[in-house]
1. When ranked by the protection proxy of mean other Cβ atoms within 10 Å per residue, highest first, what sequence do the peptides 144-156, 119-131, 42-54, 181-193 form?
2. So, with +1 on the Cβ of K and R and -1 on the Cβ of D and E, and no other charges, what is the size of the charge dipole of the range 1-148 about its Cα centre, to the nearest 20 debye?
3. Amide H neighbours of residue 51 under 5 Å, counting only residues 5+ apart in sequence or on other chains, H built in-plane at 1.01 Å?
4. From the C-alpha coordinates alone, can you work out the Kirkwood hydrodynamic radius of the range 120-179, in Å?
Amino acid sequence: MGRSRRTIPEELLLLALDPATGTTAQPQSLDLGLAGAQLVELALAGRIAPDGDRIAVVMPRPTGDPTLDSALELLRRRGSPVRAVHWIGGPRLGLRQIYLAHLERCGMVHAVEGQMCGVLPTTRYQATDTAISRDIRTRLDSAIRTGVPPDPRTAALAALAHAVGLGKHLYPGNEGRSSRSRLRDLIRHDPMGGLVAHAVMDVQNGVAVQPRRNSAAGGGRPSGVPEQPHRGSMARAAVH
């Protein structure tokens, strides 16, 4: 996999990064979203495929991206398809920090050291090229505004952004309500993105998941599902 294209985990993290504060929005759920984004990226690369509500490795050859290849190897070692909800909810913490360090190595962000209350050391992150973040945001805005079915990468990114609760960060206030609703609706345009996004929300909501019917066939959640998922009990340390 070349570096000419940004991966979905990278784009999700850049979307969550607040340019004013250098911190990430929705830190408690972002690790889950990044784990899900890795699955979508590996599926787009032809390494894994959905098997009902499970994920199966279909080509164990490395992609060349070390963060994705680490996830692929862990999936391969399982030896049999694993439920998406079990994979995303597994004890693999710290993906935000791993990806922030990865983006720093790639030159997409730089770390800014500081102190909290003049005592506690903090690290904040600033995008080195704001045009990259604008491009990602423009793709989402275009899909929301035009109603034209987006490409699979944008659809999956939208599904994950909704699943981790970035809607109110990207489209705040009452004026953003319709945009948040349309962001949620984009989940139906990519079957793998929809499967993974639903798994992310189920982990946050502590749902004891049963195998989904038609979970790989697209479609949104049933009516009545909240616009933004509730926070689960799995605490994630915020990036400072």
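1. Top to bottom by mean Cβ count within 10 Å: 181-193, 42-54, 144-156, 119-131.
2. Dipole about the Cα centre, nearest 20: 360 debye.
3. Those lying under 5 Å, H to H, from residue 51 are 56.
4. 13.1 Å
We did not get these values from a lab; they are worked out from the coordinates using the rules stated. Because the structure is predicted, anything quoted here is derived from the model rather than measured. Please note: Cβ atoms are built from the backbone with ideal geometry, for glycine as well, and neighbour counts cover all protein chains shown.
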